[in-house]
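Beneath this line is the structure, given in C-alpha cells, with notes to follow.
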Amino acid sequence: MTASSLDRPTADDVPAESATERVAPAAPEARGNDRAWRLAYLLLALAAVVLTFVFIRATLDDSFITWRYGRSLVEAGAWNWNPGGPLVEAYTNPLFAVLSIIPALLGVPVELFFKLVGIATVIGFALVVRKARLPRAQEFTLLAIALFSPVFYLQAFLGLETATFALFIAWLFGILYRRGNLGVLGFVVAALLAVSRPEGIAFAGAAIVWALVLNRRDRGTWVGAVLVLGGWFAYWCVRWAYFGQFFPNTYYKKSSSHVPFLQKALDLGIGLAPLLVPVLVGLAVCGAWYRRAAATRTATTRTDLLRDAVPLLLAVLSTLVVLGVYRQSNLVMDPGNRFYWQLLLPVALVVLARPLTGPTAAGAVEDGAETQRRNLALLAVALGAVTVLVWNFSAVTSAIIVGCGLVFVAVAIGFSRRTHVALLAASVGLATVVGFGQSDDLLGLLSYRYRLEGAHQAIGQAIASTDLSDGKIVVGDAGVLPYSVKQEVIDISGLGTVEAARGTLDAAFLDRNNVKMVVLISKAPDPDSARAVDASPIAHDWVKSKGSEFVFGRGPMFAPNYYMNYWIARDWADAGLLTKLDAVYEASLRDDAPDAQILRKHLFDFPFLRGD
C-alpha cells in the first residue's frame with residue numbers, strides 16, 4: 001500500500017479508447033500489492049462483522065418513544081403518543097416514526113425491525129463509498145473511518161436517527177463537493193435530511209443555497225430547490241397545525257428557552273470565543289483566495305473556489321450548531337457524544353469525498369487548484385477538532401487532547417509540505433477523536449439494554465399482563481415502559497407530555513387525569529428517595545398526599561442508586577399487580593452485577609429477538 005495508490009484513476013478518468021485495450025500481466029510487485037489490499041479489505045469486513053455482533057444488542061430507551069407512534073396508529077388509528085390523549089409530537093425524526101408503522105402492520109418486533117435498519121445503514125454507507133470509485137487508499141481510509149469505529153455501530157443500532165442523520169449530511173455535502181451541483185439524487189438526499197431532525201433543514205438549506213450560487217442559470221437546480229424547500233415548509237406547517245406547537249415537544253423540554261435572552265447570548269459568546277481566532281484566520285485565507293480568483297476575472301475559477309469550500313462550509317455550520325445550539329441545551333441522553341458526533345463525523349468524511357490527485361514525484365510542481373482544495377479541507381478538519389475541544393473544555397480527556405493535537409500537527413504538515421497524506425491523517429484523526437468513546441461508557445451502554453429489560457420493561461410487562469380498571473400511569477422515564485402498556489401515560493420528564501415540558505403540570509392536572517399508578521426514579525427502594533428532577537417533586541408530593549389510596553412498592557433496580565419505585569391505587573394493587581411487581585424487584589436484585597459481568601452473561605442473548 002503505497003502513496004501512489006492515491007492516484008489510482010477513477011472510471012471517469014480512463015480514456016474511452018483504453019477501455020478495450022488488452023491488459024498486460026501484472027508485475028509481481030503489483031500482484032503483491034493487490035494481495036495486501038485484499039487482506040486489508042478482508043480485515044475491514046471482519047471488523048464490521050465483529051463490531052456489529054457486539055453493538056447490535058444496544059438499544060436506547062428513548063427510541064421506544066418514537067416507535068410508539070406506529071403502534072398507536074395501527075392499533076388505535078391515532079397518530080399520537082397516547083392514542084386518546086392530547087396531541088403531542090414527542091419525536092424529532094418523523095422518518096423513523098413513519099417507519100415504525102411497518103413492524104406494527106406486519107406484527108414484527110419493532111426493535112428487531114430497527115436493528116435491520118441499522119444493518120442496512122452500515123451496508124448502505126459502504127455501497128455509497130464503493131460507488132464513488134475513489135483512489136484505493138482514499139476509499140479504504142473513507143471506509144475505515146466509520147467501519148473501524150465503535151461509536152459508528154453504537155449510533156447505528158441504538159434506535160435513534162443519529163447515524164442516518166450524520167450520513168445524510170455527509171452524502172449531501174459529498175455530492176455537492178464532487179459535482180458542484182446536487183442533481184436529482186442530491187435533492188432527494190436533501191429532502192430526507194431536512195425531515196431527519198429539526199436542525200436538518202439548516203444543513204439542507206445551506207447545501208441548496210450553495211448549489212444555487214454555483215449554478216445560477218441551471219433551471220433544474222432552481223426547480224429542485226423550490227420542491228425541497230417548499231415541500232419542507234408545507235410539511236412543517238401541517239405538523240404545526242396538527243400538533244399545535246411550532247417545534248417538537250422535545251425542543252421545549254431540552255432547549256434553554258426558559259433562560260433569559262441576555263444570559264443565553266452571554267453563554268453563547270463564551271462558548272464561541274475560543275473559535276474566533278481559527279475562524280477569522282480561515283475567513284482571511286478564504287478571502288485572499290477569492291480575491292486572487294476574482295482578479296483573474298474568470299467565472300470558472302471563482303466557481304471552483306466555492307466548490308472547494310464546501311467542506312469548510314459544512315465545518316462552520318456544524319460548529320455553529322454544536323456550540324450555539326447543542327451546547328446551550330439540556331441534553332440528558334448523549335451516548336457516545338452523539339450530538340457532536342453526528343455533525344463532526346460528516347466533516348471527516350466529506351473532505352475525502354473527491355479524488356485526491358497530484359504529483360507524487362519529488363520536486364514536482366503541484367497545481368494551484370489542488371493546493372487550494374486541500375488547504376480548505378485542512379481548515380475544515382482543524383475547525384472540527386477545535387469544536388471537540390471547546391465542547392466540554394473543563395472535562396476534556398487527555399486522549400481527546402492528544403488526538404486533537406495530532407490533527408493540528410497533520411494540518412500544519414499539510415499546509416507546509418503540500419501532501420495528501422496529511423489530509424488523510426487529519427481526517428482519520430478527527431474521526432478517531434469523535435468515533436472512539438471511553439471504554440467504561442461503551443461497556444455501560446452494552447449492558448444498558450439488559451438492565452432496561454429487568455427494570456422499565458419488566459414493570460411494563462407486569463402491567464400489560466394484569467387485568468386492570470381504567471386509569472393513567474405517571475412515569476418519570478418514558479420509553480419502553482409506556483411502549484409495553486395499553487394505558488395512557490403521563491410523562492413527567494416532559495418528552496411525551498406537553499404540560500411537563502411547559503412547566504404547567506401540577507396537582508390539579510393529576511387529579512383530573514384519573515391517575516392509578518406513579519413510577520418515579522429514586523435513589524433507594526424507599527418512598528422518600530425520589531429524585532427531584534423535572535416534575536417528579538410534584539408527582540411525589542401529590543401521590544403522598546393521597547395517603548392510603550395508594551400502596552407504595554419497591555421498584556426494580558436499574559443501576560446503582562437508580563430504582564423505579566412506584567405507588568399503585570388500591571384497586572390495581574388488589575388485582576395482582578403488586579405481587580407481580582414485588583417479583584420484578586427481587587429479580588432485579590438477583591441479576592444485578594457489574595457491566596462487564598452482565599455483558600459476559602448475555603453475550604449471545606439478544607433482547608430484540610424476544611419480541612415486543
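Look at region 96-113 and say how many of its residues are within 20 Å of the chain's Cα centre (by Cα) and free of Cβ contacts under 8 Å to residues at least 60 places away in the same chain.
So in region 96-113, the residues within 20 Å of the chain's Cα centre (by Cα) come out as 96-100, 110-113.
After this cut, where a residue has to be free of Cβ contacts under 8 Å to residues at least 60 places away in the same chain as well, the list is 97-100, 113.
Within region 96-113, residues that are within 20 Å of the chain's Cα centre (by Cα) and free of Cβ contacts under 8 Å to residues at least 60 places away in the same chain number 5.
Scan Asn513, Asn561 and give me the residue that is farther than 22 Å from Arg71 by Cβ and out of contact with any Gly (no Cβ under 7 Å at 6 or more places or on another chain).
Asn561
Among the numbered criteria (1) in a helix (DSSP H, G or I); (2) farther than 23 Å from Pro607 by Cβ, which single criterion is violated by Leu134?
Answer for Leu134: the failing condition is (1).
Scan (1) modelled with pLDDT under 90; (2) farther than 15 Å from Ala426 by Cα; (3) outside any helix (DSSP H, G or I) for the single condition Arg292 breaks and write down its number.
If we test Arg292 against (1) modelled with pLDDT under 90; (2) farther than 15 Å from Ala426 by Cα; (3) outside any helix (DSSP H, G or I), just (3) comes out false.
Out of (1) of a type in the set (A, V, I, L, M, F, W, C); (2) touching a helix residue (DSSP H, G or I) at 6+ places or on another chain (Cβ under 6 Å); (3) outside any strand (DSSP E or B); (4) under 16 Å from Pro482 (Cβ atoms), what's the single condition that is false for Ala500?
(2)
Can you tell which of Leu227, Leu172, Leu185 is within 19 Å of the chain's Cα centre (by Cα) and modelled with pLDDT of 95 or more? Write out each step before concluding.
On the way: Leu227 fails: within 19 Å of the chain's Cα centre (by Cα); Leu185 fails: within 19 Å of the chain's Cα centre (by Cα).
Checking each option against the conditions leaves just Leu172.
Just for region 72-95: of the residues that are hydroxyl-bearing (Ser, Thr, Tyr) and under 23 Å from the mean Cα position of the chain (by Cα), which one is surrounded by the most Cβ atoms within 10 Å (Cβ to Cβ)?
So in region 72-95, the residues hydroxyl-bearing (Ser, Thr, Tyr) come out as 72, 91-92.
So of that shortlist, the ones also under 23 Å from the mean Cα position of the chain (by Cα) come out as 91-92.
Working: Tyr91: 27, Thr92: 25.
The selected residue is Tyr91.
Do any residues in region 482-498 that are assigned by TED's automatic domain parsing to the domain that holds Glu453 and surrounded by 24 or more Cβ atoms within 10 Å (Cβ to Cβ) have Cβ atoms under 8 Å from those of residues that are of a type in the set (Asp, Glu) and assigned to a strand (DSSP E or B), where the two are at least six apart or on different chains, and which pairs are they?
Qualifying pairs under 8 Å: Pro482/Asp491; Thr497/Asp491.
Take Arg307 and decide whether it is modelled with pLDDT of 90 or more, in a helix (DSSP H, G or I) and either under 30 Å from Asp61 (Cβ atoms) or touching a His at 6+ places or on another chain (Cβ under 7 Å) (or both). Full working, then the answer.
Working: modelled with pLDDT of 90 or more: yes; in a helix (DSSP H, G or I): yes; either under 30 Å from Asp61 (Cβ atoms) or touching a His at 6+ places or on another chain (Cβ under 7 Å) (or both): no.
The answer is no for Arg307.
Would you confirm whether any residue within region 146-159 is modelled with pLDDT of 95 or more and closer than 30 Å to Arg216 by Cα? So that I can check it myself, show each step before the final result.
Narrowing region 146-159 to residues modelled with pLDDT of 95 or more: 146-159.
Subsequent filtering for residues that are closer than 30 Å to Arg216 by Cα retains none.
Among the residues of region 146-159, not one is modelled with pLDDT of 95 or more and closer than 30 Å to Arg216 by Cα, which makes the answer no.
In region 52-71, what residues are farther than 19 Å from Asp477 by Cβ and either buried (at least 21 other Cβ atoms within 10 Å of the Cβ) or in contact with a strand residue (DSSP E or B) (Cβ under 8 Å, 6 or more places away or on another chain) (or both)?
Phe55, Arg57, Gly70
What's the number of the condition Val108 fails, among (1) in contact with a helix residue (DSSP H, G or I) (Cβ under 7 Å, 6 or more places away or on another chain); (2) outside any helix (DSSP H, G or I)?
Looking at each condition in turn, Val108 falls short on (1).
List every residue pair whose Cβ atoms sit under 9 Å apart, with the two residues 6 or more apart in sequence or on different chains, where the first one lies in region 412-435 and is at positive phi and the second, anywhere, is among the β-branched types (Val, Ile, Thr).
Arg418/Thr371
What are the residues in region 158-184 that are over 16 Å from Trp210 (Cα atoms) and assigned to a helix (DSSP H, G or I), if any?
Listed by number, the residues that qualify are Thr162, Ala163, Thr164, Phe165, Ala166, Leu167, Phe168.
Mind checking whether some residue in region 540-556 is assigned by TED's automatic domain parsing to the domain that holds Gly496, in contact with a Gly (Cβ under 8 Å, 6 or more places away or on another chain) and crowded, with 18+ Cβ neighbours inside 10 Å? Please lay out each step first, then the result.
Just the residues of region 540-556 that are assigned by TED's automatic domain parsing to the domain that holds Gly496, to begin with: 540-556.
Applying the additional criterion that residues be in contact with a Gly (Cβ under 8 Å, 6 or more places away or on another chain) yields 556.
Retained after the next criterion (residues that are crowded, with 18+ Cβ neighbours inside 10 Å): 556.
For region 540-556, residues assigned by TED's automatic domain parsing to the domain that holds Gly496, in contact with a Gly (Cβ under 8 Å, 6 or more places away or on another chain) and crowded, with 18+ Cβ neighbours inside 10 Å: present.
Mind checking which residues of region 551-562 are at pLDDT 95 or above, within 37 Å of the chain's Cα centre (by Cα) and farther than 14 Å from Tyr448 by Cα?
Correct list: Gly553, Arg554, Gly555, Pro556.
Identify, from the list Val259, Val238, Val277, Val281, the residue that is modelled with pLDDT of 95 or more and assigned by TED's automatic domain parsing to the domain that holds Ala315.
On the way: Val259 fails: modelled with pLDDT of 95 or more; Val277 fails: modelled with pLDDT of 95 or more; Val281 fails: modelled with pLDDT of 95 or more.
Result: Val238 is the single residue among Val259, Val238, Val277, Val281 that is modelled with pLDDT of 95 or more and assigned by TED's automatic domain parsing to the domain that holds Ala315.
Evaluate the following for Pro355: is it modelled with pLDDT under 85, within 20 Å of Leu134 (Cβ to Cβ) and of a type outside the set (A, V, I, L, M)?
no
So Val151 ticks every box in (1) under 20 Å from Leu39 (Cα atoms); (2) surrounded by 22 or more Cβ atoms within 10 Å (Cβ to Cβ); (3) not basic (Lys, Arg) but one. Which box is left unticked?
Only one criterion in (1) under 20 Å from Leu39 (Cα atoms); (2) surrounded by 22 or more Cβ atoms within 10 Å (Cβ to Cβ); (3) not basic (Lys, Arg) is unmet by Val151, namely (1).
Among the residues of region 214-226, what is the count of those that are surrounded by 14 or more Cβ atoms within 10 Å (Cβ to Cβ) and farther than 12 Å from Ala204 by Cβ? Reasoning before the result, please.
Step one: list which residues in region 214-226 are surrounded by 14 or more Cβ atoms within 10 Å (Cβ to Cβ), which gives 214-215, 218, 221-222, 224-225.
Narrowing the set further to residues that are farther than 12 Å from Ala204 by Cβ leaves 214-215, 218, 221-222.
Result for region 214-226: 5.
The values are calculated or read from the model by the stated rules, or taken from the named source; none is laboratory data. Everything numeric here is computed off the predicted structure, so don't read it as measured data. Positions of Cβ are backbone-derived with ideal geometry, glycine not excepted, and every protein chain shown enters the neighbour counts.
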